[in-house]
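Reading through the structure tokens given below for one structure.
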Amino acid sequence: MNENMKSPMPPGEFLRILHTAEKLKCQTRHSDTSSGRRESVAEHSWRLALSAMLLAPEMRREIPGIDMDRVIRMCLIHDLGEAFTGDIPVFEKTDSDSDIEERLFAAFIASFPAETRTEWEMLLTEMNARKTPESRVYKALDKLEALIQHNEADIRSWLPLEYDLQKTYGWEAVEFSPYLKNLRELVLTDTEEKISREG
């Protein structure tokens, strides 16, 4: 077989990785969907990636040269560590929780075939450093998606602290982008109207 035709991902490895990722369909987050059931981590990651795809033209206008396909990849994998730890709400998550999740995710990636492992390790390092435009856009959208989902949930599912959190969370993450700042302001308007109407 030609060396260039060799698969870097044996089928067994592919299935092993997918079986682990499937756990994100089972892990629930601290938010309900609009129908009243708990949202899964996989659903959050899917809509986060969809958000990046939808906003690609706007982000390219604001940040010439940004690689939005890279942002979508970040969105798709960003919570894979929760396949091992489950989701811990931001207001309960400690530095120790984050360290454990990052360590388990890194160990999972380290078990990948070499070519895939290298790509994912580079992506994860970039995501954690949050210095590139791509990593900042991904993180801003991650926070915004959580806020949007809470606005879509029945307000009776909110904890008392979430009334304030919905108003204060995520502003620092959107500071670099006029479009995302405007989006955050619109999400705040939705929050205030929801509280006024349903709270």
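Rundown of residues vs (1) of a type in the set (A, V, I, L, M); (2) at pLDDT 95 or above; (3) in contact with a strand residue (DSSP E or B) (Cβ under 6 Å, 6 or more places away or on another chain), yes/no style:
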position: Glu102; (1), (2), (3): no, no, no
position: Phe108; (1), (2), (3): no, yes, no
position: Pro113; (1), (2), (3): no, no, no
position: Thr116; (1), (2), (3): no, no, no
position: Ala129; (1), (2), (3): yes, yes, no
position: Val137; (1), (2), (3): yes, yes, no
position: Lys143; (1), (2), (3): no, yes, no
Identity of the residue in region 1-33, over 19 Å from the mean Cα position of the chain (by Cα) and assigned to a loop (DSSP other than H, G, I, E, B), that ends up modelled with the lowest pLDDT: Met1
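Closer than 18 Å to Pro133 by Cβ and surrounded by fewer than 17 Cβ atoms within 10 Å (Cβ to Cβ): is that true of Arg70 in this structure?
Numbers: closer than 18 Å to Pro133 by Cβ: yes; surrounded by fewer than 17 Cβ atoms within 10 Å (Cβ to Cβ): no.
Here the answer is no, as Arg70 does not meet what is asked.
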Answer residue from region 73-104, given it is crowded, with 20+ Cβ neighbours inside 10 Å and touching a His at 6+ places or on another chain (Cβ under 8 Å) and is farthest from Leu18 (Cα to Cα) among those: Asp87
Hits in region 124-147 - residues which are touching a residue at least 40 places away in the same chain (Cβ under 8 Å), within 23 Å of Arg60 (Cβ to Cβ) and of a type in the set (A, V, I, L, M, F, W, C): Met127, Val137, Ala140, Leu141, Leu144
Residue satisfying all of: in region 34-65; more than 18 Å from Ala153 (Cα to Cα) and small (Gly, Ala, Ser); farthest from the chain's Cα centre (by Cα) among these: Gly65
Criterion violated by Trp46 - all others in (1) within 27 Å of Pro113 (Cβ to Cβ); (2) in a loop (DSSP other than H, G, I, E, B); (3) not basic (Lys, Arg) satisfied: (2)
Residue match in region 55-70 (condition: closer than 22 Å to His150 by Cβ, free of Cβ contacts under 8 Å to residues at least 40 places away in the same chain and in contact with a helix residue (DSSP H, G or I) (Cβ under 8 Å, 6 or more places away or on another chain)): no
Positions within region 87-100 being assigned to a helix (DSSP H, G or I) and in contact with a helix residue (DSSP H, G or I) (Cβ under 8 Å, 6 or more places away or on another chain), in sequence order: Asp97, Ile100
The lone exception for Asp79 - which of (1) part of a loop (DSSP other than H, G, I, E, B); (2) among the acidic types (Asp, Glu); (3) farther than 16 Å from Lys139 by Cβ it fails: (3)
Answer from Glu152, Glu185, Glu121 - the residue that is in contact (Cβ under 8 Å) with a residue 12 or more places away in the chain, surrounded by fewer than 16 Cβ atoms within 10 Å (Cβ to Cβ) and more than 20 Å from Glu102 (Cβ to Cβ): Glu152
Failed item in (1) in contact with a Phe, Trp or Tyr (Cβ under 8 Å, 6 or more places away or on another chain); (2) among the basic types (Lys, Arg); (3) surrounded by fewer than 20 Cβ atoms within 10 Å (Cβ to Cβ), with Lys167 passing the rest: (1)
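The values are calculated or read from the model by the stated rules, or taken from the named source; none is laboratory data. In this text the structure is predicted, and so the values were computed from the model without any measurement. Please note: Cβ atoms are built from the backbone with ideal geometry, for glycine as well, and neighbour counts cover all protein chains shown.
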